[in-house]
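Asker: Handing you a structure now.
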Amino acid sequence: MNEAEGLFIVQNGLPGRTGKPQKVIVVGAGIAGLVTAYELMRAGHDPVILEAKPRVGGRIETVRAPFETGLYAEAGAMRIPSAHKLTMAYVNKWNLKTNPFTMGNQNCYYHLCGQQWRMSEVAESPECLDFDLAPHERGKSGKQMWRDSLAPILARLEAEGDDAWPAIIEEYDHYSTREYLEKCGWSEGAIEMFGVLENQEARMNFSFVEALLAELGHVFSDMCQLEGGMDRLPQAFLPDLGRRIHLGANVSAIDQTDTSVTIHYRTPLGQNQVTGDYAIITIPFSVLRHVEVLKPFSRAKQRAIRQLHYNASSKIWIQSRRRFWEEDEGIYGGGTVTDLPIRNLYYPEHGQETGRGVLLASYTWAEDAQRWGSLNPSERISQALENVAQIHPQIKDEYEAGASKMWHDDEFACGAFALFEPGQTTSLHPNIIAPEGRVHFAGEHASLCHRWIQGSIESGLRAAQEIHTAAGA
């Protein structure tokens, strides 16, 4: 499904129904499941949603406790690129208020090897960071070198349009990001600089195509956040879907015949089951791996479920008595980059009316996140405070509370988002999205826009269209 087709469905609904209404069981009330069920319902079908958690939203989770009233933090999705038109279409459909999300802020810091610079200082003199660069690389930023390395691919796309994609993927899918940079002649110092400053170090050995698609999608420019919390988006579906959602329903098995699908699930009261004409599975493959499939899926689907990699991710938050980063240092939004265990520190733009703030004290991925996950919750806060104090000593006097989220330890997520290894765009993606009889699949992993709300929505619209079309046939 291309973006124009998806936008048409969001704005106008699925095409007129020609067959009888179908009962569709949707597993998972994340954004993919909510979108799928909503569009099927609008088309006259009968969706039922099973959700294991006591809330909707999946990996859109706004955390409000233990923070002061009026403060919150985003455990999962925390920003929306304006280029993600499907996501913005639902934001606008529900009249949700947005505020800017600041990514680049020249008043933030680079804190490396025990030294600290404002980002504005580094922009003027990149050599001050003293990475071990080759002579021809000196004076350039990692971001500039990255864009220069992508220039031949961008020129090819500009000349040939989207028709160039199959050949580009065939040529580059087997590269990791590190291997691509090595192919382009980058020195080890330049690779280190790019990895640290652009937050790519923990993902350097994953698919280059993932990094390429993110760059071409302009995902880190012109971003916004939802006023009051990102959970406003999934909650906007509740007036229409509320009675169709069964919370606390933990799916344990999937069965199907030529004419129906049965989903077995557990609640605190015991075992239950529901049968429908079709099912759409939106839970991550990392979770689906532990669901029994009574009529086994094809070998290709089973391989995709086994091999799809889910990235670890952790967030640690610290509530501060006052917004010292604004009052003392003039930092309004954006993030500081470090080589400390916390890696990246973000400054909240919401909550100013309270006088307090909740710093995203640490945002890490992959091995960096797994190390935080090995600590108990109180130790995470203690160590994060020690790291933040090296950048902002004021935190020692201003700290009030803390919390953390480890997505790789969440039994209903088993990871933060899908992240392809080299070669998997070609070897896994077609099998991830392919239906299995009357069972269809959606979720950010069932798109090429991993880790974004946009991918979940695109996949949900595709799955709804597949079933709507099959029902008409």
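Asker: What tally of residues in region 283-313 results from selecting those that are in contact (Cβ under 8 Å) with a residue 12 or more places away in the chain and either over 30 Å from Arg343 (Cβ atoms) or part of a helix (DSSP H, G or I) (or both)?
Answerer: 18
Asker: Next question. Which condition from (1) over 25 Å from Tyr363 (Cα atoms); (2) touching a residue at least 60 places away in the same chain (Cβ under 8 Å); (3) surrounded by 17 or more Cβ atoms within 10 Å (Cβ to Cβ) is the one that Glu137 breaks?
Answerer: Tallying (1) over 25 Å from Tyr363 (Cα atoms); (2) touching a residue at least 60 places away in the same chain (Cβ under 8 Å); (3) surrounded by 17 or more Cβ atoms within 10 Å (Cβ to Cβ), Glu137 fails exactly one: (2).
Asker: Quick check on Ala253: is it of a type outside the set (Lys, Arg), out of contact with any helix residue (DSSP H, G or I) (no Cβ under 8 Å at 6 or more places or on another chain) and assigned by TED's automatic domain parsing to the domain that holds Leu154?
Answerer: So Ala253 fails the test.
Asker: Would you mind finding the one in Trp452, Trp365 that is in the same structural domain as Pro21 (by TED's automatic domain parsing) and surrounded by 20 or more Cβ atoms within 10 Å (Cβ to Cβ)?
Answerer: Trp452
Asker: Hey, can you tell me all the residues within region 408-441 that are under 20 Å from Asp231 (Cβ atoms) and aliphatic (A, V, I, L, M)?
Answerer: Ala413, Ala416 - these are the residues of region 408-441 that are under 20 Å from Asp231 (Cβ atoms) and aliphatic (A, V, I, L, M).
Let's see how each residue does on (1) in contact with an Asp or Glu (Cβ under 6 Å, 6 or more places away or on another chain); (2) in the same structural domain as Gly455 (by TED's automatic domain parsing):
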| residue | (1), (2) |
| --- | --- |
| Tyr175 | no, no |
| Arg178 | no, no |
| Leu181 | no, no |
| Phe194 | no, no |
| Glu198 | no, no |
| Leu238 | no, yes |
| Leu247 | yes, yes |
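Asker: Let me ask another. Just give me the residues in region 405-431 being of a type outside the set (Lys, Arg) and in contact with a Gly (Cβ under 9 Å, 6 or more places away or on another chain), in sequence order.
Answerer: Passing the criteria: Met406, Trp407, His408, Asp409, Phe412, Ala413, Ala416, Phe417, Ala418.
Asker: Could you pull out the residue among Ala83, Ala123, Ala89 that is surrounded by fewer than 19 Cβ atoms within 10 Å (Cβ to Cβ) and in contact with a His (Cβ under 6 Å, 6 or more places away or on another chain)?
Answerer: Every option except Ala83 fails the conditions.
Asker: I need the full set of residues from region 1-25 which are among the β-branched types (Val, Ile, Thr) and over 18 Å from Leu86 (Cβ atoms), in order please.
Answerer: Matches in region 1-25: Thr18, Val24, Ile25.
Asker: Looking only at region 44-96, which residues are among the hydroxyl-bearing types (Ser, Thr, Tyr) and outside any loop (DSSP other than H, G, I, E, B)? Before you say what the answer is, go through the steps one by one.
Answerer: Looking only at region 44-96, we keep the residues that are among the hydroxyl-bearing types (Ser, Thr, Tyr), and these are 62, 69, 72, 82, 87, 90.
If the condition is that a residue be among the hydroxyl-bearing types (Ser, Thr, Tyr) and outside any loop (DSSP other than H, G, I, E, B), then Thr62, Thr87, Tyr90 are the ones that fit.
Asker: Another question, if that's okay. Scan region 388-403 and tell me whether some residue there is among the hydroxyl-bearing types (Ser, Thr, Tyr), surrounded by fewer than 17 Cβ atoms within 10 Å (Cβ to Cβ) and more than 22 Å from Ala77 (Cβ to Cβ).
Answerer: Within region 388-403 (the criterion being among the hydroxyl-bearing types (Ser, Thr, Tyr), surrounded by fewer than 17 Cβ atoms within 10 Å (Cβ to Cβ) and more than 22 Å from Ala77 (Cβ to Cβ)), the answer is no, since none of the residues qualifies.
The values are calculated or read from the model by the stated rules, or taken from the named source; none is laboratory data. Predicted model only: the values in this text are computed from it and were never measured. Positions of Cβ are generated from backbone atoms using ideal geometry, with glycine treated the same way; all protein chains shown enter the neighbour counts.
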